[in-house]
1. Calculate the FRET efficiency for Val133 and Ala53 from the Cβ-Cβ distance with a Förster distance of 25 Å, rounded to the nearest 0.05.
2. If you average the alpha carbon positions of the stretch 65-114 and of the stretch 122-148, how far apart do those two centres end up, in angstrom?
3. Let me make sure I get this right: for the stretch 54-157, a, b and c are the square roots of the gyration tensor eigenvalues over alpha carbons, sorted descending. Under 1.5 in a/c it's rounded, otherwise prolate if a/b > b/c, else oblate. Which is it?
4. Rank these by accessible area, largest first, 1.4 Å probe: Asp101, Asp130.
5. Given 20 °C and 1.002 mPa s, compute D for the stretch 112-184 with the Stokes-Einstein relation, Rh being the Kirkwood radius over Cα pairs; round to the nearest whole µm²/s.
6. For the stretch 70-149, state which GluC sites (Glu not before Pro) are in a DSSP loop and have at most 12 other beta carbons lying within 10 Å of their beta carbon.
7. Using a probe of 1.4 angstrom, how much of the accessible area of the stretch 100-184 is carbon and sulfur, in percent?
8. Which chymotrypsin sites (Phe, Trp or Tyr not before Pro) from the stretch 81-177 combine a DSSP loop assignment with at most 16 other Cβ atoms within 10 Å?
Amino acid sequence: HTGNFRAWPRCAGPLCDGGVGLQTASSLGESSSPAAVEYGGITHVAVLVGDAAAARRFYTGVLGMAVDSESCEALGARGASAACVRVGEQTIQLLELPNPDPTDVDPEYSMSAPPQGYVAEGRPVHAGRDRHVAITLHDLAPLKASLEANEVPYTMSYSGRQALFTRDAYGNGWEFGPPVTYRGATRLFPPYLVPPQP
């Protein structure tokens, strides 16, 4: 890299695993508080796309999400083209920016766990073996039908769970499943995502 690029500082504290660390108040020369961090929730997820308008058409026309122009205006993109879609109460921001990662799928990378030393030539076939975001829905059938009608590849969970994995044209991985699939993590799902009991 050239120009004003500055290496991200490495985590050096006792809880680090040797990976890249986040800047803390103390590393920035600011006073730190011993109080616990109180998180609220995830307001939005931003993913990189090559064409924001085309991505919006895929997310709304194929995945069935709703356009979220209001959140897009509030979030801003600082000069980048962007589109926003809504899933439940959350927003997905589609940022039209260069992607430093490979976006193509490596057809040879179709195993559940690659052997030691395996070097992938792209993203795994199964998005569940890659970075992805999981989203609940009440019924997988309409989504499957839409993906098949639009010839969009998908895979089902390797573990046998009721979960479907797919990607957009830019390599972003998504997982979809009914709330029962994630029963062990029900704290993640507010009441509006839980279907009414018969």
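1. It comes out at approximately 0.70.
2. If you average the Cα positions of each part, the centres end up 14 Å apart.
3. Values: a/c = 2.26, a/b = 1.39, b/c = 1.63.
Verdict is oblate for the stretch 54-157.
4. Asp101, Asp130
5. 163 µm²/s
6. Glu89, Glu121
7. In the stretch 100-184, the share of accessible area belonging to carbon and sulfur is 52 percent.
8. Details: sites: Tyr109, Tyr118, Tyr154, Tyr158, Phe165, Tyr170, Trp174, Phe176; in loops: Tyr109, Tyr118, Tyr158, Tyr170.
Answer by residue number: Tyr118, Tyr158.
The values are calculated or read from the model by the stated rules, or taken from the named source; none is laboratory data. No experiment lies behind these values; they were computed from the predicted model shown. Cβ coordinates were reconstructed from backbone atoms using ideal geometry, including for glycine residues, and neighbour counts include every protein chain displayed. Protein only, heavy atoms only, side chains kept; ligands, DNA and RNA dropped before computing areas. Shrake-Rupley method; radii C 1.70, N 1.55, O 1.52, S 1.80 Å.
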